[in-house]
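Enquirer: The structure follows.
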Amino acid sequence: MLYKRNPQLNKHGELIHLLSTEGLSKDILTQILDTASNFVSVNDREVKKVPLLRGKSVFNLFFENSTRTRTTFEIAAKRLSADVFNLDIARSSASKGETLLDTIDNLSAMAADVFVVRHSESGAPYLIAQHVAPHVHVVNAGDGRHAHPTQGLLDMYTIRHYKKDFSNLRVAIVGDVLHSRVARSDIHALTTLGAAEVRVVGPRTLVPADLASMGVRVFHNLEEGIKDCDVIIMLRLQNERMSGALLPSSQEYFKSFGLTEKRLELAKPDAIVMHPGPINRGVEIDSAVVDGPQAVILSQVTFGIAVRMAVMSIVAGNEA
């Protein structure tokens, strides 16, 4: 049965947890994007709230530092009228040796309905999803190098907003793919939604060897990789995840793989430039591109609230 193969789905094939974009059907991805479209206009209301999660408790459990993701999840939950609790991990019992699942059990006893989890260990949200009671839902806000599904989904929403249709798009994902959970989530979503071509561009030391098996084309030259592309997704150099010297220096990296206005001319004239943030100006992308007309990076942040509203409203509305 479908739900036995994918822990994100119930026996009816409905989404009850969001753990990864991998394994989700085109219909489910499209449902999330369509639902998000209905929430974008909430930003323009005088009262920026809808009552869909009134009476529900959403716990933000960020075992890894984050500003943008945690803030947008908090805003999204509050706009759905949920009660939101941000756990201070540095001062929580987890910092005193309490296990992850014991922490979850204690918070569940406080009538939690949704856990939004960011963790440095790949698979932590899966472990929690398999452990919680049937009425509790888990949303992965980033786990190790594995997945960042809501970032992937807001990237898809942004692409669809500007390009309307995926079927003719050539998309390049550029940079530190080896350490990027966003890249994996984007690749799974893009291929499922029918993008014509997905490219990965980066130095050999930062591109996993098995990417070709995911249906992408691999380039180790930026100019070749972004030529005639419709969408360019730049990735941050994740120095905190690197063990050993994978690059000579950030300056050398920018010389070879930094996106400049001149290099951007190789892409299609109406190409859009995206970045999941935080941005390292002058390392992976030039300030002139960040602040230029083809960058849609701030739109990604705005759309991220609507997409996270959509995800939480959908999973919390389905029974296990």
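Enquirer: Mind pulling the angle between the C-alpha long axis of helix 297-316 and the longest principal axis of the chain? Nearest 10 degrees, somewhere in 0 to 90.
Expert: That works out to roughly 30 degrees.
Enquirer: Any idea of the accessible area per residue across the chain, 1.4 Å probe, to the nearest Å²?
Expert: Result: 44 Å² per residue.
Enquirer: Which percent of the accessible area of the chain is formed by carbon and sulfur heavy atoms (probe 1.4 angstrom)?
Expert: In the chain, the share of accessible area belonging to carbon and sulfur is 49 percent.
Enquirer: For the residue pair residue 120 and residue 205, what label-to-label distance in nm results when each label sits 7 Å from Cα along the Cα-to-beta-carbon direction?
Expert: 2.2
Enquirer: Okay, moving on. Could you tell me the ratio Rg/Rh of segment 76-168? Both radii from Cα atoms, Rh via Kirkwood.
Expert: 1.05
Enquirer: Still on this structure, please answer the following. Using only DSSP helix segments of four residues or longer, with each worth -39500 (n - 2.57), what per-residue ellipticity at 222 nm results for the chain after dividing by its residue count and rounding to 500?
Expert: The helix contribution divided over the chain gives -10500 deg cm²/dmol.
Enquirer: Looking at this model, which pairs from 164/255; 164/227; 26/255; 163/227; 11/48 are more than 29 angstrom apart at the alpha-carbon?
Expert: Going by Cα-Cα distance, 164/255; 26/255; 11/48 fall outside the 29 Å limit.
Enquirer: Same structure, new question: Take the Cα of residue 228, step 7 Å along the line toward its Cβ, and report every residue of segment 261-279 whose backbone nitrogen sits under 11 Å from that point.
Expert: Within reach of a label on residue 228: 268.
Enquirer: Starting at 0 and stepping by 10 Å, how many percent of the alpha carbon pairs of the chain end up in each bin?
Expert: Spelled out per bin, shortest first, that is 6, 27, 34, 23, 9, 1.
Enquirer: A further question follows. Are there trypsin sites (Lys or Arg not before Pro) in segment 127-193 that DSSP marks as loop and that have at most 11 other Cβ atoms within 10 Å, and which are they?
Expert: 164
Enquirer: Based on the Cβ-Cβ distance of residue 287 and residue 54, what FRET efficiency does E = 1/(1 + (r/R0)^6) give at R0 = 30 Å, to the nearest 0.05?
Expert: After rounding, the FRET efficiency stands at 0.10.
Enquirer: State the antiparallel share, in %, of DSSP beta bridges confined to the chain, rounding to the nearest 5.
Expert: The answer is about 5 percent antiparallel.
Enquirer: Tilt of helix 68-79 relative to the longest C-alpha principal axis of the chain, in degrees (0 to 90, nearest 10)?
Expert: Long axis of 68-79 versus the principal axis of the chain: about 40 degrees.
Enquirer: Among rounded, prolate and oblate, which fits segment 127-241 when a ≥ b ≥ c are the square roots of the eigenvalues of its C-alpha gyration tensor, a/c under 1.5 means rounded, and a/b larger than b/c means prolate?
Expert: It comes out oblate by the Cα gyration axes.
Enquirer: OK, next. In degrees between 0 and 90, to the nearest 10, how far off the longest principal axis of the chain does helix 181-192 point, with axes built from Cα atoms?
Expert: Tilt of helix 181-192: around 90 degrees.
The values are calculated or read from the model by the stated rules, or taken from the named source; none is laboratory data. Here the structure is a predicted model, which means the values were calculated and not measured. Here Cβ is always computed from backbone atoms with ideal geometry, including for glycine, and neighbour counts include all displayed protein chains. When the accessible area is computed, the model is the full protein with side chains, heavy atoms only, and any ligands, DNA or RNA have been set aside. Shrake-Rupley method; radii C 1.70, N 1.55, O 1.52, S 1.80 Å.
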